Amino acid sequence: MPASTPAAKPASASPKPAAAAVNQRWHVLASRPEPNTSKIQELREELRREADLGLTYERWAWYLDDDAVLDRFLVARDDNVQKASRLIRDALAWRLRRRPHVLDYAELDRECATGKLRVAPSLDRFGRPVVIFDNSVQNTKDAGGQLRALAFVLEHALRRCDGSQVRKYVIFLHLNDFSLRNNPSWAVTKETMRMLTCCFAECCGHIILHNAPSVFSVAYRLVKPLIDPKTATKILFVTDKDEDKMTELIGPDWRAITGAGQTRLDKCSPGYDHSVQWPITLEHDRAWRERTGNTGPLSHEFTGYSDDEPASPLQTALARSVVTPSPIKREEDPLDVEVLGGPSSPKACQGPESPLYDHARAFETPPRWRGSAAILGVACCVGGMAYHGSVDTPRRPA
């Protein structure tokens, strides 16, 4: 009999291929293919039980009648109707206070003049808007104005991808020049985190921290074990040397889109020219209104110009030519906030506050933190956004 062939030695395990930086479902498209219609109906019934004058379903029907909006909140809370309802009410209370659907283009012109908050004119390789943060060129001290500008930028990003299959944007943070002198106050950091976790849940595909100080990555590593693995794929630390990674994430023109390594113009963020990019932003909004009739959850109207400081000549000319008042969802006359027990703040809130909403707990302004506490606050904001669901995926089950 022929000698038996010796058994082949098992091949050594080949290394696992690196996971793709972009998963279409997690990072680009809606978090699930089809809305959960039965849960959406349950959530609507739950919301209609709200008796609060400020948060009634009828008042916010222009926002809540969209199934995709309710489905985002359901996904963020693992289809738990009660938790999703609380999340929506927190979001509506914030909208009641900041009124992101009522735009003051003069204020936005001032806040966005240096490019500290902006949406890139071009989309990335997947068709996602790229939201750019650069606090090193902070040009105002008005925390309310800064937060209203952030709300405008995030809603503008959603309008940029409205009508396509893309449902998420990319957040790109310029941190190369981050320092104690230009870090945001703790109050602004805290409300920014609330905005991203409560009001814009399931909208973020990636958060890219570019040239971040080491304390950011250290703080993130501390909280990463608490984060769902899918969510962790959305928070990325990159440097100028990560050309291949950024090409995969955004595209070969990622430097032109984000401004990384580009020329600075007169104390502006790298690659930003206000006289060129701001008119493009206005034109995109005008085109969206024309295409949609300015209806749905992203609809908006404008209030004109602030009395305390005139708009720039460029902004005045552009607004007169491309901005038209919205014919829909006019707010009723502001109620007497004292009757409802809410604080009076004409600049921040021109409508009634919710008597069921704990304003002091949600928006209290503690003393400004400096030094390492301020940096850690911003760094932990990144971990907080992930842990509480702002980057779209459910938390790891217990």
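Rule-based calculations on the coordinates, nothing more; no lab input. Just so we're clear, the structure is a prediction, and the values are computed from it rather than from any experiment. Cβ sites come from the backbone with ideal geometry, for glycine too, and all protein chains shown count toward neighbours.
Here are the numbers for the structure shown:
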read-out: Residue-count net charge about residue 289 - beta-carbon cut-off 12 Å; Lys, Arg +1, Asp, Glu -1; value: -2
read-out: FRET efficiency estimate (nearest 0.05) - Cβ-Cβ, residue 125 to residue 82, R0 30 angstrom; value: 0.15
read-out: Semi-axis lengths (Å, descending) of the ellipsoid that matches the C-alpha gyration tensor of segment 119-271; value: 21, 19, 19
read-out: Pairwise Cα inverse-distance average, inverted: Kirkwood Rh of segment 140-191 (Å); value: 13.1 Å
read-out: Rounded to whole Hz, the Karplus (6.51, -1.76, 1.60) HN-Hα couplings of segment 145-155, x for glycine and proline; value: x, 5, 6, 5, 5, 4, 4, 4, 4, 5, 5
read-out: Simple spin-label estimate for residue 165 and residue 264 in nanometres, 7 Å along Cα-Cβ; value: 4.2 nm
read-out: Sequence-distant residues sharing a close amide H with residue 251 (under 5 Å, placed H); value: 125
read-out: Net charge of neighbours whose Cβ lies under 14 Å from the Cβ of residue 280, counting Lys and Arg as +1 and Asp and Glu as -1; value: 0
read-out: Descending principal axes extents, segment 246-288, alpha-carbon based, whole Å; value: 31, 28, 9
read-out: Local electrostatic count at residue 247 - Lys and Arg +1, Asp and Glu -1, tallied over other residues with Cβ under 11 Å; value: -3
read-out: Shape category assigned to segment 75-178 from the gyration tensor of Cα positions, a/c cut at 1.5; value: oblate
read-out: When each of 168/267; 141/234; 190/245; 190/224 is checked by Cα-Cα distance, pairs over 22 Å; value: 168/267; 141/234; 190/245
read-out: In sequence order, calculated HN-Hα J values of segment 192-209 (Karplus, 6.51, -1.76, 1.60; Hz; x Gly/Pro); value: 4, 4, 5, 4, 6, 7, 9, 8, 10, 4, 6, 10, 9, x, 9, 10, 10, 9
